[in-house]
Structures are given as C-alpha cells and as structure tokens.
1. Could you identify the single residue in Val949, Val977 that is surrounded by 12 or more Cβ atoms within 10 Å (Cβ to Cβ), within 30 Å of Ile885 (Cβ to Cβ) and out of contact with any His (no Cβ under 6 Å at 6 or more places or on another chain)?
2. Confirm whether Phe351 is under 30 Å from Ile435 (Cα atoms), under 38 Å from the mean Cα position of the chain (by Cα), buried (at least 16 other Cβ atoms within 10 Å of the Cβ) and among the hydrophobic types (A, V, I, L, M, F, W, C).
3. Give the residue that is least open to solvent (accessible area, probe 1.4 Å), with candidates limited to residues of region 453-503 that are of a type in the set (Ser, Thr, Tyr), closer than 19 Å to Gln391 by Cβ and modelled with pLDDT of 75 or more.
4. Can you tell me which residue within region 210-222, out of those that are within 18 Å of Phe195 (Cα to Cα) and not in a loop (DSSP other than H, G, I, E, B), is most open to solvent (accessible area, probe 1.4 Å)?
5. For region 512-565, name all the residues that are under 25 Å from Thr464 (Cβ atoms), among the aliphatic types (A, V, I, L, M) and outside any loop (DSSP other than H, G, I, E, B).
6. Those residues that are loosely packed, with under 14 Cβ neighbours inside 10 Å and on the phi > 0 side of the Ramachandran plot, I need them from region 85-130; list them, please.
7. Of all residues in region 989-1018 being assigned to a loop (DSSP other than H, G, I, E, B) and more than 27 Å from Lys1115 (Cα to Cα), which is modelled with the highest pLDDT?
Amino acid sequence: MSKMEVKTSLLDNMIGVGDMVLLEPLSEETFIGNLRKRFEHNEIYVSSILYFYSPSKFRSYLNFCTGLLSHSEVYALADEAYRSLRDQDKDQCILITGESGAGKTEASKLVMSYVAAVCGKGQEVNKVKEQLLQSNPVLEAFGNAKTVRNDNSSRFGKYMDIEFDFKGDPLGGVISNYLLEKSRVVKQPRGERNFHIFYQLLSGASEDTLKKLKLDRDFSKYNYLSLDSATVNGLDDAANFRTVRNAMQIVGFMEDELQSVMELVAAVLKLGNIEFKPESRVNGFDESRVKDKNDLKEMCELLGIEQSVLERAFSYRTVEAKMEKVSTTLNVAQAYYARDALAKNLYSRMFSWLVTRINESIKAQTKSRKKVMGVLDIYGFEIFEDNSFEQFIINYCNEKLQQIFIELTLREEQEEYVREGIEWTNIEYFNNAIICDLIENNQNGILAMLDEECLRPGTVTDETFLDKLNTICAEHQHFESRLSKNSKFLTDHSLPHSCFRIQHYAGKVLYRVEGFVDKNNDLLYRDLSQAMYKANHSLMKLLFPEGNPAKVNLKRPPTAGFQFKASVGTLMKNLQTKNPNYIRCIKPNDKKASQVFTDSLVCHQVRYLGLMENVRVRRAGYAFRQAYEPCLERYKMLCKQTWPHWKGPAREGVEVLLKGLEVPEEEFAYGRSKIFIRNPRTLFFLEEKRRQCLEDLATLIQKIYRGWKCRTHFLLLKKSQVVVSAWYRRYAQQQKYKKIKSSSIVVQSFIRGWKARKILRELKYQKRCKEAVTTISAYWHGTQARWELRRLKDEARNKRAVSVIWAAWLGTKARRELKRLKEEARRKHAVAVIWAYWLGLKVRREYRKFFRANAGKKIYEFTIQKIMQKYFLGLKNTMPSMSPIDKTWPARPYLFLDGTHQELRRIFHLWRCKKYRSQFTEEKKAIYEEKLEASKIFKDKKALYPSSVGQPFKGDYLEINKNPKYQKLNSVMDEKVLLADVVNKINRANGKGAPRIFLLTKKKFVLADQKTGQVKASVPLPDLNSVSVSTQSDGFFALKLKEGTPSAAKGDFLLSSDRLIEIITKLHRTGAASAERETIGVDISDEFLVQFKQDKVCVKFIQAGPKNGNSVACKRKNNRLLEVSVPSP
C-alpha cells in the first residue's frame, strides 16, 4: 500500500509483521512463517502488495468478528484506488490474481461492494450501483462451475471498467470476458460439474416452465451433466435460480429475453442427448443417422428449426471453394464432433451475448469525459496432471500479467526515487519477457506456429505441430521436449513423446499436445451455422451471423489462440494506462477447509507469484519511506528540541530528531518530501523508543490531569456555594413579599364585600316595593277575567245542549229510512233471480229438440274461432313500432297460444328488419359493414371502442381532393384514397410525437409531412405483417412490417391517433378484401415489441395516477423500454 496512513497503522498492535517489506530477516522460511502466524491469529490480510487468503478462512473469520470487514485491507486498497480516482483524477485498476479457489471472486465482490457503499446516493445512482452488483450473479451462473479445487470456480476471465462522473458517482460500466471454458459444456473431469445454470434451471424452475422447455428434473436423463457431483454441499441450486432470475430482471432483461435464454440452455441439454448410428451406403462408406429423433424434434421445436434441415447438417458437410460446392457424408465420429462443436459454440456465443446485453444495460448514458476504475478477476496459474490447450492459454495470460506487474512495480519504485532525488540501484530479478516471447512471437512463437499448422493445407495433426516445435524451439532455454535436438533431454523419461514442457515463471508445466489443433481451430461446420441462422428463435440470427446465405464468407475465421492473444494485448494496453493496485490471493490448503495451513502449497504459490522478488524490489533501496510531516508528528517526542512543537520546516525537524538519536547516516536518506529508511531494524528501534517515551508521557499526562481535575472540582464547589446562597436569599425575599401582598389583598376584599352587601340590601328593598304593586294589580285583573269566563261558559253550555238533541233526532230518522230501503232491495233481487231461473228453464225446454250429438264440438270450434278473431284484432291494435331495436311485444292473452305468439313475434321482427334495410343506400351499407367489422375486432377488448360506436367513419378527414394545401400530395397518389387523417409518429428517443399525414389506399399506406406534404414513407400493404394496440383507452398503435422486406429496413412504425378504431378497421378490411394478400393480424396487448432499425423496444402501457392528469404520456425508461401512462377511466 502506498498510503501513509495505512503504513503507520501497520506498526500499531500488529501480529507478526503486517508489511512484508519490514520483515527482518527476509528469507523464504521467515516469509512463510509470518504468513502462518497471521493466519493462525485470523489476520487474513498482509501488505505491501495485498495478500488475501481463501474464502473458506475468510468466512469463518467473519463469523468470529464481523467488525473486521469494515477495516480490512481489501477495503483499504479499494478506498485508496477510489479516492485517487475521485480526488486526483487518476484512472485506476485493481488486479486480482491467484490459484483457482484462492478467493479472487470473493475479493472482487468486496471491491465492488465497497465502491457501491462509499459513492453518492440518489435514485439514478442507486439504480446504476444495483445493476453493477447484480451483474455478478448472472455471470457466475453462466460462467462458473464446481471443480475439484473450488465449488464456485470462474471458468472465464472478467475485466470490468466502472465509469464515474466528476463527483465520484458511478455512471455505468463495461465488462470484457476472456476465454470461456466451453469444452466443459460437453465434458467435465471426474468430480466436477457443468456450468451452474444447467443444475439451477432443472432444480429451481417451475413445473410449467420445465414443461414449456420440454425438460425433466432428473439430472441423469442428460448426457452433458455429470452425475457424481450433481449436488454440492452448501449450494442451493433452486434458490440460486430465483436469485439469478431476479438479478437478470434488475439488470434490465425483458421477460421474452429471459425465456429465450432458458430455451437455449434447454436446447444445449437436448443436443447432448442426440445419438447417432452408422448406415451403409452404396459406395461403401458409412453415413451417420440419428438414432432416436425425439430429442432432435424437441430441440428443433425450442429453436424453431425444421427437423430435416438440422438432421441433414448432422449427416452431410458442404465445402465451398470459389464457385464450387462439394457435399460429403459424415461418419458417426464426425457427427458426434459436429454435435459437440455446435453445443460448445451455442453456449459460448450465448454467454458472449449475455455479456453484451449486460453492457447495454449498465453502460453510461452520458458522453461526457469519465473516470474509470478497472477490476480484473482472471484465472490463476494452473498446473494439473493433464494440461491441455486451455491451461496453456491461461498460463500465457498469467505470464503477461506477471510481466506487467514487474514492469509497473519497478517503474513505480524508480519514479519515486527519481522524484525524491534518491540514487537508484538496479535490482536483479527474473524477467519473464523471454517466456512471453517464446509463446507470442509473431514468427517463431508457439501460438504463431500453431496457427500456421491450422491454416496449412494437407494433413495436419497434433504430432506435426509437436514436430514443428521440436524443430524451431529446440534451442530455447525454457522449452523442453523428448524429441528436442538438445541432447540433454533425450534421457529424461519424465517427458512423454506427445508432450512438451515450458519453464514458466511459476515453475515447469508439462503440456499434452493432444487436442491443441482442434481446440485452436474451434471449427463449426458451415452447414450447422446456416441451419442455426434459419431458426425462428429470436437470438439465432445474432449468434450465428456467418450462417446468412446472403453473406457467405469463404475466408477462414481467426483461430482461438489468435483471438485470445489479441484480447490479452488489448487488456495489457488498457492496464498500462491506469494506476495499478494488486491483490494476490493465496490458497492455504487444497481441502476447502478453514484453520488448515499447508506450508508446501503456500510456498509454491509464494514462488510463482513472485512475492519474494516483489519484496526485494521494495527493499532494494529503502524498506520504509514516509513524508516529513507525519514522520515528525509521530517521533517528535524522542528529541527535546522537537518536543512538543517544532517551529521550523518539517525536514529540518526530522534532521534534528535523527541527529539527536544518533542514527547512522547510511541507514537513511533525505528526499525532497520524504524520509527514506534503509533497514527495518532502524524503524523498529524508533518504534521501541517511541513506545517507552509514550509510557513516560502517559504518566506525566495522568499527573497533570489529576491536578487539573482536583482544582476544577474545588473551584466548581466554591462557585456552587455562592450561587446557592444568592438563590436562597432571593427565595426568602420573594416569600416575604408574597405574604405581605396576600394580607393586603384579604383586607381589601373584606372592605369591598361590606360595601357591596350594603348596596344590595337597598336595591332589594326598592325591588320588593315595585313587585308588591305589580302583584296586587295582577290579582285584580285575574278576578275580573274569571268572572267574564264563567259567564261565557254558561252561554256556550246552553247552545251545545240544543245541538246535541237535534243531532240525535236526525240520526234516528236516517236509520229508519235505511232499514226500509234495504228491505225493498231484497224483495226486488229475489224476484229477479226467480225470473232468470224461469227463463233459463223455458229456453232449455224450447231448444232441446234442436241439438244433436256433435253439438259440443261445434260449440268448441265456434268458441275457438271467436277467440282467435278477437286475438288477431287485439294484436292489430297493440302492434309495436317499426324500429328494429324496439324489443316490446304485447302480452300473451291465452296460454294455448304461446307457440303462435312467439312465432308471430319472430316473423314480425324479420319483416320490419327487411323493411329497415331496404331504406339503406350503398354508402350507408358500407359504413355499417365497417362498424360491424370494428365490433368484431375491438368489442370487449379495447377500452376506446365504446366511445367510437356513435361516431360515423368519414374516411377522408382532410378533404385531400378539394384542399389546395394538399394538391402536391394528391398528385402523387395514383389511386383512390380510402382514409386521410393526421397522426402522431412517436420518437423512440424521447417518447414525443411528430405530426404526419396518414393516407390509405387499396394497395399501400403513406406517411407524409404535415407542413410540406413531402412523402416520408410509402409501404405496400403486402409488407405489413400485423398491427399491435393496447387494451386501454389510448390511441397508440404499432404497424409491424415483415422481416426481410425492403420496407422493414428502417423498422416498424409507432403511431398515435384519436381515430385509431377507424384506421385499424380500414387497414384490416383492405387487407382482407384482396385474395392475394394475407389478412393483417390485430394484436391487442398491454405490452408488445416494436423493431426500431436494429433494436427491439418494448412498449408498455400502465394506469396513471390522478396526479399525472388526464392526458396520455409516453416516456423513455431505458434503451429498450417505452412506458405509456394512460389515465384511469
């Protein structure tokens, strides 16, 4: 660490030596012993270049003391890098290296979490931070796997540039990935797993999702998944799958993109289950055929490929040379090779697409100058029992990182000595440039020779490649081979014939050449690329662009080694432009266990990481350096002249201090701004002196403090006594004053009361006199009134008696008359009844002779006839109106006429509908047919439809034939205009609309500028695929064009109009009227995709709150989302 504050803190309360530069004596044994001592005391970080032990130890330590995390060296290093970037405007990079399982990924997460914690707050800033952090789970799921050394091993290299603004707030980031281990997709070593996402999908997806993807939860049904390590202790694949889905949504993946990615993962699993069998041909050669076509069929359904196309690609290979094509059959071995190559390419390209898609979401939106902090988490040096092309490439990358590490470290030391005016002493160290040149030399390098072999015509094998190495690299001191020309290796039986050995900076590594040529070629047959390009899946054309028949490129694609070499070169140039910060991760044991420290393993890592050389570089000149001001501040108590305050410059104070302590001059040197100490013993001598002096100063401080405390206590008591006396005297005087005041008030109140009672008595006497006169007068008037009342009552009583007697007489008279009338009425009724009975008897006797046996039937028919006649005459008078929408009908008079009544109602309704239709003109009939068509399309589906029912469809709202303003536009149209109206064309950049004239004819639709009348777009109706609208009351609609048509070059159209119902109805009727064209589909959904040139944008409709007003608003949320707020109805 270069920060002064961190260096000084290492000297206080440290266990062992916190800074390896200060280790004395410096040897490999003391170095390992110091690491072990700090490890046993849970001190898992060591400076000067930060060494960090593996996560197993780290997690157990966190459980013991979670407070250390906030003070850890990883956070201190990240803090130094962040503040240098923010305050000094220096781009930074943090390089994290180490073995697989040493904790590189955990260290990178700590760096990311620290940067997210210390930078600013705010909605946009928090969104950017969350997206940057959530990109890790996504990449880990698709790029990490369980290995024998690590349960969460990164099988790809990752470099992330985090971009900040001038305030230090994150704006976005860019991720670069290097060399995904795609061979793991088809084959895993024993005890290891495939990539996490396969197990997470099968364990965590719902039953419906698995059914859609045609998958089963049983791992044993898939050939690409190893069964001996399918489950890992401590890993919950189901929970991790939910975490990954949530992280992908936070990063910005759409739901259809999530589904597309899962379909590709399922397709890879299905691809591994496809098996082949030989089939003899007439020419004697064997041809491969698919055994069970069920998995092939399901995979083709997932990707939208015709089964016959893919089946042919597995059986034949087409080779193109200039204008000739030659088709050859594939045997079973070649078919299996093609299947595995397709699986590896499909997964690796999907992973690259994921990285690109994440970069689109997290990239900075502004184009202003940005500050950059890079975090490199890349695979460590690998030495296995069987090392192949992947280990060779990985170790080459580590060689380059070691080279830049040595160069930057030495350069930093040299620049500091030159800057401070200190004489620089050259240091001997191992420069691995010769190894890098052996691998990457453009003429004689191993990668160049491998590419030359891959591109050479004729028979090319791994053995020919090894022969070439033996020929060209035989004399190189870091290359060894059994067949090398150098005779000293001829007797080395540890070298197999098919292997070569390279002396890396980390040690010798034996590489087996088997598979070098094939893996470097990374060949995918063109037939498979073209088959994938024909798929209807949304990602296939992006993943396999070389399969486009229109862009056939006969040039051989670059090899994997060439691509990786170019990527590493770009990475090195990028790192050299930034200020480096290093984290070296050391793995304490191979058992993934805490509290276990394996000396041999740690010693091996210390050697190949070059840690001893780094410490020697730092100690070659001066082991410790510090600015004059903090040095004087820390040690000024050791000299009387500098204690307690030094008046002059800090450098002169340090000179006086060291002279007074009699430190030999050869042990230190004075720079321009720093003091340089050569030997750690000198620093420890100063620290011991300071510790003793601090103890003396502590005693003196305690003495002075105790005296000051006693004096302060006495003065406080004295002051308190004065204050208490003053307060008591004031209180006594206040009480005396209150007592006198209370007595005066009592006397005054008694006198006022006596005067008031005297006046009250006088007033009461006067009032009684007035009340007596009033009472006497009232009694007299009351007596007179009672006399008059008595007289009036007597007169009224006499009058009432006369009235009662007269009323009683009249009642008696009326009751007698009523009784007489009732008796007379009973007599008349009896006479009428007797007369009626007599007449009936007489008539029956008279007509009995005229009746026959069927008289009852005739009477019934006559009765029915009369009833029907009465029914029809009544129906004539109660007939409803002639309006077809009038649903009234007279009530049924008789139950037996129910069927007739309903049939007459139906006949009458049909007749009046016919009469109503006969009144229509042809123009009116067409309008009603359009209204009927609109009802079929939008009724109960679109909230805007009910408001359009009462509005007639006019069609030409602009009167384009009559209006002289549109004369120029009218001249362009060569056929009748069915619809002319002004619409708004929505801009994807900001969601705002621009007015356009929309014209529709039987063959095409036209968009023109409203002001100038200039035609902006003319699209034939056969090029129109479908129309998309929402279910709400807005006027937005998208015209989607067919892919591959000339009109689709600029993308789809997103428009808005108040007459949306009429426009889409006329478009649909015009398309349906022609037998040559397909019917234009209408998609009604609150979320649909619109193709803008090369990008697809999701248009999402939401209900707006009351605060947003009553207007429809369209806003751009991000690069792939337009949000339309529709007011609630």
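The values are calculated or read from the model by the stated rules, or taken from the named source; none is laboratory data. Here the structure is a predicted model, which is why all the values come from computation and not from measurement. Using ideal geometry, Cβ is built from the backbone for each residue, glycine included, and neighbour counts are taken over all protein chains shown. Just the protein is used for accessible areas: all its heavy atoms, side chains included, with ligands, DNA and RNA removed. Shrake-Rupley method; radii C 1.70, N 1.55, O 1.52, S 1.80 Å.
1. Within the list Val949, Val977, the selection yields Val949.
2. Spelling it out, it is not the case that Phe351 is under 30 Å from Ile435 (Cα atoms), under 38 Å from the mean Cα position of the chain (by Cα), buried (at least 16 other Cβ atoms within 10 Å of the Cβ) and among the hydrophobic types (A, V, I, L, M, F, W, C).
3. For region 453-503, the residue satisfying everything is Ser481.
4. Lys221
5. Hits for region 512-565 are Val517, Ala560.
6. Asp89, Gly122
7. Thr1001
Per-residue answers, yes or no, for (1) closer than 30 Å to Lys367 by Cα; (2) at pLDDT 85 or above; (3) hydroxyl-bearing (Ser, Thr, Tyr); (4) assigned to a strand (DSSP E or B):
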| position | (1), (2), (3), (4) |
| --- | --- |
| Phe142 | no, yes, no, no |
| Asp151 | no, no, no, no |
| Phe166 | yes, no, no, no |
| Glu192 | no, yes, no, no |
| Asp208 | no, yes, no, no |
| Tyr224 | no, yes, yes, no |
